[in-house]
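Report on the structure given below.
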Amino acid sequence: MNMLKDKVAIVTGASSGIGRATALLFAREGAKVVVTARRRQMLEALVEEIAAAGGEACAVDGDVRQEALHDAAVEAAVGRFGGLDIAFNNAGIVGDLVSLDQLSADAWRTILDINLTGAFLGARRQVPAMLARGGGSLIFTSTFVGHTVGMPGMSAYAASKAGMVGLMKVIPAEFGPKGVRANAILPGGTDTPAAITNAPDAKPELLAFVEGLHALKRMAQPEEIARCVLHLASDAASFVTGAAVLVDGGVSISRT
């Protein structure tokens, strides 16, 4: 299949986890991909892997809190590949798991700056490039935390990701008539390097607990989340916009 044939995409936070899996899938489905993250070496390895499989990609390293990164990513999409059709604003952090009364203002600002302001800065630069192309699709990585469930120690993370859903909903209200769609995915527990279950001091009991929170009694693989992103990016979702899509293995509804 070539669901994204002749499309050009930006993927932020592409060096590992959901971002990396999505970049690989986009490329397999025919898209030319601009991948961004802070870790240049990992981005270059990803670009080489995409090229070895017959795809096209280029790397732009930097911090999503900096406008210069988003300028460079869009310039790479337009200058190297001819335009921009898709943006997956995925970069983010969980931060330290501490209660609200123990959370410093600096830690709060860091999490919101990376997760929410980073997504805003990306979208602000991406939308004009999509308008020049006649439309496009933006996808944001939010979470069920702060949307359907409140979890201790995650106040800043929840606030940043809930704010992202609000940001996403305004975009199609403003630019839908011009062909721009925007949606958010809300993943459940996903087996990525950043998952708390993969922390150096994580015990098997923690993994069992997290898996048990889900109706499917397991965590997702990044590729499973990527397939939902692909759908939202593609013309198969041409009438889907303003949606916060749960891809959470039933963690939001599980009571067993």
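The values are calculated or read from the model by the stated rules, or taken from the named source; none is laboratory data. On a predicted model such as this, the values are computed, not experimentally measured, just so you know. Here Cβ is always computed from backbone atoms with ideal geometry, including for glycine, and neighbour counts include all displayed protein chains.
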TODO: Go through the residues of the range 152-173 one by one and say whether even a single one is closer than 23 Å to GLY242 by Cα and in a loop (DSSP other than H, G, I, E, B).
DONE: no
TODO: Determine whether the range 7-29 contains at least one residue that is surrounded by fewer than 17 Cβ atoms within 10 Å (Cβ to Cβ) and out of contact with any helix residue (DSSP H, G or I) (no Cβ under 8 Å at 6 or more places or on another chain).
DONE: no
Open item on the list: Is it the case, given these coordinates, that ASP191 is within 22 Å of LEU230 (Cα to Cα), modelled with pLDDT under 95, surrounded by fewer than 20 Cβ atoms within 10 Å (Cβ to Cβ) and touching a helix residue (DSSP H, G or I) at 6+ places or on another chain (Cβ under 8 Å)?
Closed with: yes
Open item on the list: If I ask for residues that are closer than 30 Å to ARG133 by Cβ and part of a loop (DSSP other than H, G, I, E, B), which ones from the range 65-120 would you list?
Closed with: ARG65, GLN66, GLY82, GLY83, LEU84, ASP85, ASN90, ALA91, GLY92
Task: Hits in the range 38-91 - residues which are on the phi > 0 side of the Ramachandran plot, in contact with a strand residue (DSSP E or B) (Cβ under 8 Å, 6 or more places away or on another chain) and either free of Cβ contacts under 8 Å to residues at least 24 places away in the same chain or crowded, with 17+ Cβ neighbours inside 10 Å (or both) - done: GLY62, GLY83
- [ ] Just give me the residues in the range 201-215 being modelled with pLDDT of 75 or more and of a type outside the set (Asp, Glu), in sequence order.
- [x] LYS203, PRO204, LEU206, LEU207, ALA208, PHE209, VAL210, GLY212, LEU213, HIS214, ALA215
Open item on the list: For the range 123-147: of the residues being in contact (Cβ under 8 Å) with a residue 60 or more places away in the chain and in a loop (DSSP other than H, G, I, E, B), which is surrounded by the most Cβ atoms within 10 Å (Cβ to Cβ)?
Closed with: SER142
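Residue by residue, here is whether (1) under 20 Å from ASN115 (Cα atoms); (2) touching a residue at least 12 places away in the same chain (Cβ under 8 Å); (3) among the aromatic types (Phe, Trp, Tyr) holds:
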{"site": "THR192", "(1), (2), (3)": "yes, yes, no"}
{"site": "LYS203", "(1), (2), (3)": "no, no, no"}
{"site": "HIS214", "(1), (2), (3)": "no, yes, no"}
{"site": "LEU246", "(1), (2), (3)": "yes, yes, no"}
Task: Tally of residues being in contact with a Phe, Trp or Tyr (Cβ under 9 Å, 6 or more places away or on another chain) and of a type outside the set (A, V, I, L, M) across the range 79-121 - done: 6
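Can you say whether GLU75 is modelled with pLDDT of 95 or more, closer than 25 Å to ASN115 by Cβ and among the acidic types (Asp, Glu), as far as the supplied structure shows?
Yes.
Table: residues versus (1) charged (D, E, K, R); (2) more than 25 Å from LYS7 (Cα to Cα).
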site: VAL145; (1), (2): no, yes
site: PRO152; (1), (2): no, yes
site: LYS178; (1), (2): yes, no
site: LEU186; (1), (2): no, no
site: LEU207; (1), (2): no, yes
